[in-house]
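*Asks:* My questions will all concern the structure given below.
A short reminder: the numbers here are calculations on the coordinates, not readings from a lab. Source: prediction; values computed, not measured. Glycine gets a Cβ as well: all are built from the backbone with ideal geometry, and neighbour counts include every protein chain shown.
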């Protein structure tokens, strides 16, 4: 019975069957009686995750540099926009490397996921295992290996070395996201496209890519996030004139981190919320169009 190829299809059909009205009422009644513990854990988790952000936002409007709130002021935003050229340069470097490395790793990761998922070839299992190694290796090991490799090929350390290292580091995350999306792919669509006369290229760009686009976009955003916040690997492979935002903040620790960083953090938080809601609406529109 377990080898029946129709078991998965039957399970999905049964899962989609609407439950009866008494069952829905019973489920709501159960949730009302037993939600207190899970709701408390959810509130505590959200509080633990977001309270540092609220502290940063509050202290970005603090008049002084001390840990106590001395008064409301916008002086740190003024210094951020008019007196922080080095900070903006490091932020630009971070975004430039993040977007470029994420774009390249998304293309390579998507192609690799499609190849691994669809084609059979010798050594496929070994290649898939090696692809996941950067996910489990400590970043110190990855950074040191990248530094040794770049030194061996006489590659100057700078923005390009950071770009290459971040692309290598982010590629497995994109690969995993796209591969998970491909595992749920309905292959009968491809057969239908071939029956209707579509070529392999048309099937790829008009059927496959749109179907797995949410996974591709999720991998791209994950790669951008991983690249922006990375410090350890960047520290090993950076050179003169290639300071990113994490390295810039680290260099300020010796003299005390300026509240200007708090102001910049608030702006990044707002931009992230705006991008998240925009992408959420964009992906909903794509899903509705399908």
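*Asks:* Taking other Cβ within 10 Å of each residue's Cβ, how do 174, 142 sort, fewest first?
*Replies:* 142, 174
*Asks:* Please state the relative contact order of the stretch 85-289 as a whole percent: Cα pairs under 8 Å, 6+ residues apart?
*Replies:* That works out to 36 percent.
*Asks:* Compactness ratio of the stretch 111-155: Cα Rg over 2.2 N^0.38 Å, N = residue count?
*Replies:* 1.51
*Asks:* With the crude spin-label approximation of a point 7 Å out along Cα→Cβ, what separation in nm comes out for residue 50 versus residue 280?
*Replies:* Using points 7 Å along Cα→Cβ, the separation is 1.1 nm.
*Asks:* Could you please rank 37, 182, 108, 137, placing first whichever residue has the fewest other Cβ atoms within 10 Å of its Cβ?
*Replies:* Listed from fewest to most nearby Cβ atoms, that is 37, 137, 108, 182.
*Asks:* With all pairs of different alpha carbon atoms counted, what Kirkwood hydrodynamic radius in Å does the stretch 90-224 show?
*Replies:* 16.4
*Asks:* Something else now. Determine the gain in length on full extension of the stretch residue 78-residue 254; use 0.36 nm per residue of separation and subtract their C-alpha separation, reporting nm with one decimal.
*Replies:* That pair, residue 78 and residue 254, stretches by 61.0 nm at full extension.
*Asks:* Also, I was wondering about something else. Once you place label points 7 Å from the Cα toward the Cβ at residue 225 and residue 99, how far apart are they in nm?
*Replies:* Using points 7 Å along Cα→Cβ, the separation is 2.0 nm.
*Asks:* Another question about this same structure. State, in angstrom, two size descriptors of the stretch 55-151 derived from its alpha carbons: Rg to one decimal place and Dmax to the nearest whole number.
*Replies:* Considering the stretch 55-151 through its Cα atoms, Rg and Dmax are 22.4, 67 Å.
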